[in-house]
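The structure appears right after this line, and notes come after that.
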Amino acid sequence: DAGITQSPRHKVTETGTPVTLRCHQTENHRYMYWYRQDPGHGLRLIHYSYGVKDTDKGEVSDGYSVSRSKTEDFLLTLESATSSQTSVYFCAISDSGLAGYNEQFFGPGTRLTVL
Amino acid sequence: AQTVTQSQPEMSVQEAETVTLSCTYDTSENNYYLFWYKQPPSRQMILVIRQEAYKQQNATENRFSVNFQKAAKSFSLKISDSQLGDTAMYFCAYNNNDMRFGAGTRLTVKP
């Protein structure tokens, strides 16, 4: 299995509070991604990174920000959590970017509940 | 924007039989990549099989094969000799500078 960890694995928070999810990889892959998974929608891309300090928006980026200060870490922040952000969040890594054929390797997911 | 449609929310199959999961997508691009991912109850996303659009030959991986029809924008997954461990959600995905997943098909393999 690819070395990807996510923390925390579960979190319950209240509306309006800030939340940061962490993705850590030991594979030295250049590209990192954050997705959310909701019933009926599959996985949707939130943000991705193509290098240290290089990030871009995905399909559902509103309400989220990201940062990548080191190759191995990719942080997803909800500045002010809302109930619509209750979801399962997956981090993924790959050798190639969104135009690539290479497999994306996924972390174990974080279940976030916003009350 | 590209869309990926999986028209079968749920399917079931008897152990050892064959099942086909459907996937269609919408794109104006000529070259892209298609994937099938499996998500068992553990929630871990696992790559099953992938296909490059410019390759005519359908990809195969052991019991898993695809029927790629580029003109029809169809990418179905066939699972032969189904096993209990194949029980999972299956997601079709399209990738060309914009990774898009379908909503998934929940497959149950019955003993």
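The values are calculated or read from the model by the stated rules, or taken from the named source; none is laboratory data. In this text, all values refer to a predicted model and were calculated from it rather than measured experimentally. For neighbour counting, all protein chains shown are included, and Cβ atoms are generated from backbone atoms with ideal geometry for every residue, glycine included. SASA here: full protein model, heavy atoms, side chains in, ligands and nucleic acids out. Shrake-Rupley method; radii C 1.70, N 1.55, O 1.52, S 1.80 Å.
For segment A:4-114, the relative contact order works out to 35 percent when only alpha carbon pairs closer than 8 Å and six or more residues apart are counted.
Show B:M89, B:M99 ordered by accessible area, largest first, where the area counts protein heavy atoms only and the probe is 1.4 Å.
On the way: B:M89 30, B:M99 0 Å².
From most exposed to least exposed: B:M89, B:M99.
Label segment A:4-114 by shape, choosing from rounded, prolate and oblate, from the square roots a ≥ b ≥ c of the eigenvalues of the Cα gyration tensor; if a/c is under 1.5 it is rounded, and otherwise prolate applies when a/b is larger than b/c, oblate when it is not. Cα axes put segment A:4-114 in the prolate bin.
Taking label points 7 Å from Cα along the Cα-to-Cβ direction, A:T71 and A:K57 give a separation of 3.0 nm. Here is the interface size for A with B: some 2000 Å² of accessible area buried, both sides summed, with a 1.4 Å probe. Of all the options B:K38, B:K70, B:K55, the one that moves most in a Gaussian network model of chain B with Cα springs shorter than 10 angstrom is B:K55. Taking B:D81, B:D98, B:D26 as the candidate residues, the one with maximal mean-square fluctuation in a Gaussian network model of chain B, Cα springs under 10 Å, is B:D98.
In terms of the Cα gyration tensor, with a ≥ b ≥ c the square roots of its eigenvalues, is segment B:47-103 rounded because a/c is under 1.5, prolate because a/b exceeds b/c, or oblate? Oblate shape, in that a/c is at least 1.5 and b/c is the bigger or equal ratio.
Surface composition of segment A:4-114: carbon plus sulfur atoms contribute 47% of the solvent-accessible area (1.4 Å probe, protein chains only, all chains present). Calculated accessible area for chain B comes out at 48 Å² per residue, all protein chains present (probe 1.4 Å; ligands, DNA, RNA ignored).
Among the chymotrypsin sites (Phe, Trp or Tyr not before Pro) in segment B:4-74, those placed in a DSSP loop whose Cβ has at most 16 other Cβ atoms within 10 Å are B:Y54. What percent do you get for the relative contact order of chain B when only Cα pairs under 8 Å and 6+ apart count? Worked out over chain B, it gives 38 percent.
Structure remark: mean-square fluctuation, Gaussian network model of chain B, C-alpha springs under 10 Å; the largest value among B:A88, B:A53, B:A72 belongs to B:A72.
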